[in-house]
């Protein structure tokens, strides 16, 4: 009985025709172009990578190829899982959204590989609609207000920052030496905009004696500038 089952699972496959294979790759290619355009439209910032975008198309087609090879052959599918389990991928993901695109490409490849074109089409349409609505959502920007000056001016600097940012700026780092002090405050964009209405906070802090440097740095999840 075991030998009969083994022979069945080893040799039985979906017996795809050339037309079936070409159709699966055609549909996968069309939907992968949709993924390509969706990624391009929703990643207009500094995280956009043209090479990664092209790799999404390749990933969809490769997954379709793998599914065409596996078909209904259980023994071959188990062997494929074993082969892929020893491969280690070290590609750095810059944006958490990139992971969703990778799974999207894989899912489309799987659907096309097993001729579930309706699921691939409807699913991709729903995902695309979602991305067009929420794809441009960006991370909340934070600002770091960095002030360096004489240690004797520390108390006056703290009072100035508390006044300018209405006491909402959070002190993150305070570095001191025998003669100097450095403060790093964190503030939101709204707090910075409110502070600028009364004048540039960077220029204003130089009115304090002993200030050597003042910087306002924009910080977000994509890039620090």
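Taken together, the values in this text are just the output of simple stated rules run on the coordinates, not laboratory data. Owing to the predicted nature of the structure, the values given are computational and were not obtained by experimental measurement. Because the Cβ atoms are built from the backbone with ideal geometry, glycine has one as well, and the counts that use them run over all protein chains shown.
The modelled label-to-label distance for the pair residue 150/residue 50, using points 7 Å beyond Cα in the direction of Cβ, is 5.4 nm.
From least to most packed, judged by other beta carbons within 10 angstrom and beginning with the fewest, 111, 218 follow the order 218, 111.
With neighbour counts taken as other beta-carbon atoms within 10 Å, the residues 64, 42 rank, fewest first, as 42, 64. Once the chain from residue 100 to residue 119 is taken as fully extended at 0.36 nm per residue, the excess over their C-alpha distance is 5.1 nm.
Once you order the gyration tensor axes a ≥ b ≥ c over the Cα atoms, which shape class does region 141-183 get: rounded for a/c under 1.5, otherwise prolate or oblate by comparing a/b with b/c?
oblate
Can you put 179, 188, 24 in order of Cβ neighbours within 10 angstrom, beginning with the fewest? Provide the component values of the computation, followed by the final result.
Values: 179 9, 188 16, 24 25.
By the 10 Å Cβ count, ascending: 179, 188, 24.
Expressed in nm to one decimal, what extension gain is obtained for the pair residue 22 and residue 176 from 0.36 nm per residue of sequence separation less their Cα-Cα distance? Show your work: numbers first, answer last.
Details: separation 154, 0.36 × 154 = 55.44 nm, distance 6.87 nm.
Between residue 22 and residue 176, full extension yields an extra 48.6 nm.
Volume per residue of the convex hull around the Cα atoms, evaluated for region 142-219, comes out as 73 Å³.
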